[in-house]
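Asks: This is the structure I have questions about; it appears just below.
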Amino acid sequence: MQNDNLTSASERGPSGPRVRRPLPSWVSTTALLMPTYGWLTLAVFLPLLTMLVFSFMAATPMGKAPIVFTLKQYRAFVDQPYLISIAFTSLLIGFWTTFACAVLGFLAAVALARSIFGKTREMLLILILLPFWTNGLVRIFSWTMVLRENGFLDTIFHMVLPDAGSIGFLYTRYAVVVGLVHGYLPYMILTCYIALVTIDDAIIEAAASLGARWWTILFKILVPMAAPGLISGAVLTFIPVIGSFMEPRILGGRVGVTMGTVIEDQFTQAFNWPLGASLSFTLLAVVLAIFGTFSGVLRRGTAA
């Protein structure tokens, strides 16, 4: 009883009871966000800022050579016109890879969200995530065994048609697209799946009860309502595909020259970091411009 009186007395001020004021909400929010933004600053923003500074240098800042800033690195597409065709090839591979991932990923997500239940769905989701558990080089080199002449694909094909020619297409752009689709398809499946599971089953049932065919339900209901998942999957697929270099170099061979391989060569072979950095930021600007254009179109279409 005496302790309670002492406690209550300590909480009273000279003019009455003292009320503890809670901290402002911005203090707790800042405390929670500091670790995340601190890590992003150290791991993402500072390296990007360093590369941005490199892109304005005349040469790689090594040794005692003076540091000179210039804009000539950003004239690379003018001074070296062959880079334009390489950039167009990279964009083309990115578009085809994203399109293939969108078609295959959306259909797989529809099957997972609407046709499969229970432990079977969980097992299939684990199989979808399986490529993330294996090394990227192992996945790519395994495709060389499948797509090369007299490889696994050829062997299976010749079991059916022994006298047919080879269907191996290793060291082509098609092989590059196959390898990229294998690596980035899970992103599209997962984003589309998350968007599809939020759609109320009553909407699908009402459309079916009114006589809508399966293709009407697919293109008029599921695709528009799952458009945010498709857009997110397209962003997560297109951006890394544009800068990829392992798949084009290993599966493409001589025809696998893309902006990713050119940028890698500038950093590792030519040791021209300013040119590699400027090409990276130029490609980033093109990608952001493309998505800035198409995101508005897709947003208007989704709203309609």
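The values are calculated or read from the model by the stated rules, or taken from the named source; none is laboratory data. Since the structure is predicted, the reported quantities are computational estimates derived from the model, not experimental observations. No Cβ is skipped: glycine too gets one built from the backbone with ideal geometry, and neighbour counts run over all protein chains shown. For the accessible areas, the whole protein counts, side chains as well, though only heavy atoms, and no ligand, DNA or RNA atoms are used. Shrake-Rupley method; radii C 1.70, N 1.55, O 1.52, S 1.80 Å.
Asks: If you put +1 on each Lys and Arg Cβ and -1 on each Asp and Glu Cβ, how big is the dipole of the chain around its Cα centre, in Debye rounded to 20? Don't skip to the end; give the middle numbers.
Replies: Values: 19 positive and 13 negative charges, 142 e Å.
Computed about the Cα centre, the dipole is about 680 debye.
Asks: Please work out how much accessible surface Val160 shows to a 1.4 Å probe, ignoring ligands, DNA and RNA, in Å² rounded to 10.
Replies: 110
Asks: For the chain, what are the DSSP H helices with axial Cα length of 30 Å or more and mean Kyte-Doolittle hydropathy of at least 1.0? The partial results should precede the final answer.
Replies: Working: long enough: 82-114 (48 Å, 1.81); 173-196 (32 Å, 1.38); 273-303 (44 Å, 1.22).
Counting only whole DSSP H runs, the qualifying helices are 82-114, 173-196, 273-303.
Asks: With charges set only on the Cβ (+1 for Lys and Arg, -1 for Asp and Glu), what does the dipole of region 18-176 come to about its Cα centre, in debye to the nearest 20? Mind dumping the intermediate values first?
Replies: Values: 12 positive and 5 negative charges, 221 e Å.
Rounded to the nearest 20 debye, it is 1060 debye.
Asks: Which Cα, out of Leu288, Val68, Gly211, lies furthest along the positive dipole direction of the chain (beta carbon charges, K/R +1, D/E -1)?
Replies: So the residue furthest toward the plus end is Val68.
Asks: Tell me whether region 152-240 comes out rounded, prolate or oblate; compute the Cα gyration tensor, take square roots of the eigenvalues as a ≥ b ≥ c, and use a/c under 1.5 as the rounded threshold. Can you show the working numbers first?
Replies: Numbers: a/c = 3.91, a/b = 1.80, b/c = 2.18.
Oblate is the answer for region 152-240, as a/c is 1.5 or above yet b/c matches or exceeds a/b.
Asks: Could you tell me whether region 80-188 comes out rounded, prolate or oblate from its Cα gyration tensor? Rule is a ≥ b ≥ c as square roots of the eigenvalues, rounded for a/c under 1.5, then prolate if a/b exceeds b/c, otherwise oblate. Walk me through the numbers before you get to the answer.
Replies: On the way: a/c = 2.03, a/b = 1.20, b/c = 1.69.
Note, shape of region 80-188 comes out oblate.
Asks: Using a basic spin-label model with each label point 7 Å from the Cα along Cα→Cβ, how many nm lie between Ala208 and Thr144?
Replies: 4.8
Asks: Pick out which of Ala202, Ala102, Ala111 has the largest mean-square fluctuation in a Gaussian network model of the chain, springs linking Cα atoms closer than 10 Å.
Replies: So, out of Ala202, Ala102, Ala111, the one fluctuating most is Ala202.
Asks: Ordering Ile128, Ile156 from largest to smallest accessible area (1.4 angstrom probe), what's the sequence?
Replies: Values: Ile128 30, Ile156 75 Å².
Per-residue accessible area, sorted high to low, gives Ile156, Ile128.
Asks: Count the net charge of all other residues whose Cβ sits under 15 Å from the Cβ of Ile86, scoring Lys and Arg as +1 and Asp and Glu as -1.
Replies: Numbers: positive: Arg173, Arg249, Arg254; negative: Asp79, Glu264, Asp265.
Surrounding charge for Ile86 is 0.
Asks: By how many nm would the segment from Leu218 to Phe77 grow when fully extended, if each residue of separation counts as 0.36 nm and the alpha-carbon distance is taken off?
Replies: Numbers: separation 141, 0.36 × 141 = 50.76 nm, distance 4.29 nm.
Full extension from Leu218 to Phe77 adds 46.5 nm.
Asks: Another question, if that's okay. Which value, in Å² and to the nearest 10, is the accessible area of Val255 when all protein chains are kept and the probe is 1.4 Å?
Replies: 70
Asks: A follow-up question, please. How far is the Cα center of region 33-66 from the Cα center of region 88-167, in Å?
Replies: Each part reduced to its Cα centre gives a spacing of 37 Å.
Asks: For labels at Arg121 and Asn135 in the simple 7 Å Cα→Cβ model, what's the distance in nm?
Replies: Distance between label points: 3.6 nm.
Asks: Ignoring ligands, DNA and RNA, how do Glu264, Glu122 rank by accessible area with a 1.4 Å probe, largest first? Please list the in-between numbers first.
Replies: Details: Glu264 50, Glu122 115 Å².
Descending order: Glu122, Glu264.
Asks: Let me ask you something else. Between Tyr37 and Ile290, what is the label-to-label distance in nm when each label sits 7 Å out along the Cα-to-Cβ direction?
Replies: That separation, rounded to one decimal, is 3.2 nm.
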